Amino acid sequence: GCSEYGERFAGRREPRRRAEEPKAKWLERLRWEVADEATKHLLVDGSRALAIMGPHCAEYAGECLGELVNTMDPEVRFESIRALRNMGPGAAAGASAGLAKALTDVEDTPEPLRFQAARALEALGPGAAPAAAEALAAALKDEDLDVQLASCRALAAMGPAAADAATDALVEVLQRKGGFELKRLALDALTSMGVSAAAAADEVGKILRPKWGDDVALRRKAAVALGAMGQEETRRPLRQLQLAKALGDADARVAAAARETLAAASCERALQGSMALFDKLSEPYGQVAAQTPLEEPVAQTPLGAERGHQAEEGDTVEAQAVEATEPVAAQEVEEVAPAGDALAACEENVVGGASPAAAAQPPASTFADLISQAEVSAKARDDQARKDQAREDRVRLESQRVMQRMGIAEEEEQA
């Protein structure tokens, strides 16, 4: 009907002959007839009419409009692209190749038309992925930011069908500096691709770690994207650790998204926090200290080395004190016995009738012995005090060792 109307509008009454021409030849002829002003108005008005009809005429007009996308007249190209966008998925089979060509033809297609072509591919959906996914992936490097954003949205609309062709390009977008809006759309595209885009999980997991000046929405979308990539990917040890650390994120929405992802994959241990993934550090400090042998060397840090040196000195002092005390104690025992015998002899003299003065004044040798024994006793007491002090120093140093081990365990936990 549109074709016959166009013939009458142009003053040509040859609908039957035109219908008999091969389709490819007619399309080629139509492309070059745009130079005719009447034909141009026909194509513009016809494209607008088809845009109003929308999905109902997609089966009949999709391929023709796909050819008009690459004509030489900008107005015809714009109206044909707009009509295809309104037709939706029904026109994907016939028009996706023409739109992909217009999207990648940077020299002959201006930025507004490339932007409109990407929007039209978004409307066509997964059916356009076989012919247009690679073109959309290449458009992520377009010099115009709006074209990049529209291409990301189109890939998100195509979903798993575009994963093979676009996953690597989306990962490159995530690796760029800045461009938070584009990265958000890239994460949305990876989320829609789901398990098919699991190859991008490593790069997505890096986004979960907070950095100075980063985007909170990116972290939340990263947690959601990891959940969309499947339970098998979420249960990987590295992925559980990244999500478990995200549970403590300062933003409640990020923490909630990470919790939902872990819960969907039944990662009960990771839901308790990142430290629950480490058996050795999840035990109480007392158990760690009890299980650690005291003979274990102190960590080779400046503080640890100094404390270890002090412990060695304390052991040496204690050993010397013990060695010095043992002969003194033996000598004390040997010398106390004669003193006791002398005192006993004095008592016998008193009991036997000797004068008290004589009894109270033992021989000079006895006084010298008593003075010597008193000096030995004082020396023994001093040695015993030094020995007790050495033992106290040893206990204090052992306590410092235990506290040092506890401090190392705490530092590892914080790390």
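Can you tell me which residue within the stretch 383-410, out of those that are at pLDDT 85 or above and among the acidic types (Asp, Glu), is nearest to the chain's Cα centre (by Cα)? Looking at residues that are at pLDDT 85 or above and among the acidic types (Asp, Glu), I get Asp393.
Just wondering, is there one or more residues in the stretch 31-49 that are under 49 Å from the mean Cα position of the chain (by Cα) and open to solvent by 60 Å² or more (accessible area, probe 1.4 Å)? Checked the stretch 31-49: no residue is under 49 Å from the mean Cα position of the chain (by Cα) and open to solvent by 60 Å² or more (accessible area, probe 1.4 Å). In the stretch 118-140, the residues that are β-branched (Val, Ile, Thr) never reach a residue that is buried (at least 20 other Cβ atoms within 10 Å of the Cβ) and in a helix (DSSP H, G or I) with C-beta atoms less than 6 angstrom apart, at least six apart or across chains. The set of residues in the stretch 198-228 that are open to solvent by less than 10 Å² (accessible area, probe 1.4 Å) and closer than 17 Å to Ala265 by Cβ comprises Ala201, Val204, Gly205, Leu208, Ala222, Ala223, Ala225, Leu226. Assess whether Asp249 counts as being in contact with a Pro (Cβ under 9 Å, 6 or more places away or on another chain), farther than 20 Å from Leu124 by Cα and assigned to a loop (DSSP other than H, G, I, E, B). Here the answer is yes, as Asp249 does meet what is asked. Residues of the stretch 101-134 that are open to solvent by less than 10 Å² (accessible area, probe 1.4 Å) and among the aliphatic types (A, V, I, L, M): Ala102, Leu103, Ala117, Ala118, Ala120, Leu121, Leu124, Ala128, Ala129, Ala132, Ala133. State all residues of the stretch 378-412 that are charged (D, E, K, R), within 29 Å of Leu277 (Cα to Cα) and open to solvent by less than 60 Å² (accessible area, probe 1.4 Å); if no residue qualifies, say none. Passing the criteria: Arg401, Arg405. Might you let me know whether the stretch 148-165 holds any residue that is in contact (Cβ under 8 Å) with a residue 40 or more places away in the chain, of a type outside the set (D, E, K, R) and open to solvent by less than 10 Å² (accessible area, probe 1.4 Å)? Within the stretch 148-165, one or more residues are in contact (Cβ under 8 Å) with a residue 40 or more places away in the chain, of a type outside the set (D, E, K, R) and open to solvent by less than 10 Å² (accessible area, probe 1.4 Å). With respect to the conditions (1) within 56 Å of the chain's Cα centre (by Cα); (2) open to solvent by 10 Å² or more (accessible area, probe 1.4 Å); (3) modelled with pLDDT of 80 or more, Val69 lacks only one, and its number is (2). In the set Val69, Val76, Val44, only one residue is farther than 24 Å from Ala156 by Cα and touching a residue at least 40 places away in the same chain (Cβ under 8 Å); that residue is Val76.
The values are calculated or read from the model by the stated rules, or taken from the named source; none is laboratory data. Computed from a predicted model, the values in this text were never measured in an experiment. Positions of Cβ are generated from backbone atoms using ideal geometry, with glycine treated the same way; all protein chains shown enter the neighbour counts. Ligands, DNA and RNA are stripped out before the accessible areas are found, and what is left, the full protein with its side chains, is counted by its heavy atoms. Shrake-Rupley method; radii C 1.70, N 1.55, O 1.52, S 1.80 Å.
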